[in-house]
Amino acid sequence: MLRIYKPYGYKPITDVAKARLVVFRLFKRVRIPYTLLKRPGEGFAWDGEKFNFKDVRVSDMVHHFAHYLIASKDQRRVPEFGLGDGFDTGARVLANRARMNGLIYNEQEEMASMLGIFIERQLELPWKRTYVEHNWTDCDYLSVDDTVDKLFRRDFLYVGGKVRFRV
């Protein structure tokens, strides 16, 4: 288990190259394979073996990382974690064919979104922008609380909102 914790009151990293480096170090520490040779639009963001991160925004890399943490071992063997096509999937037909039955798409997407925001905060990335981009400001507080509660119950978060990185 990897524990990374940054105190409140930080100044977020705004330099894109530095932010990408922070995220790539995290991927290496938890041994999640990725390549910078292929764009998600040329196939999949997650192809069942590695992430394809050529020209991918930092917040999107963190979001995909959160999907990896939430996914079951069976989901990790399937393109796009068996959720079907995503916003940056190029091979949409193949991704939808690989969709796994019984997955609650919205629940997994909400959990990955919120977990990604907690990860960004912990890595000193500009998480507030992602919070707005993912439309959490338009949700009622019960939806936000419910999603955060699911992350605590599934043991992804410590008290205080620190992320438990388990792969």
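The numbers here are math on the coordinates, done by the rules we state, and not lab data. Keep in mind the model is a prediction, meaning the values are calculated, not measured. Here the Cβ positions follow ideal geometry from the backbone for every residue, glycine too, while neighbour counts run over all protein chains shown.
What the table below lists for this structure:
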item	result
Cα gyration tensor category, rounded, prolate or oblate, for the range 91-167 with a/c compared to 1.5	prolate
Relative contact order (%) - the chain, alpha-carbon pairs under 8 angstrom, separation at least six	27
Read-out Cα Rg over 2.2 N^0.38 Å, derived from the coordinates shown; its label in (1) 0.99; (2) 2.04; (3) 1.81	(1)
Other-chain or far-sequence residues with amide H under 5 Å of V163's (modelled H)	Y158
Efficiency of FRET between R99 and L21 - r from beta-carbon atoms, R0 30 angstrom, step 0.05	0.35
Cα→Cβ-extended label distance, 7 Å offset, between D145 and S72, nm	3.0
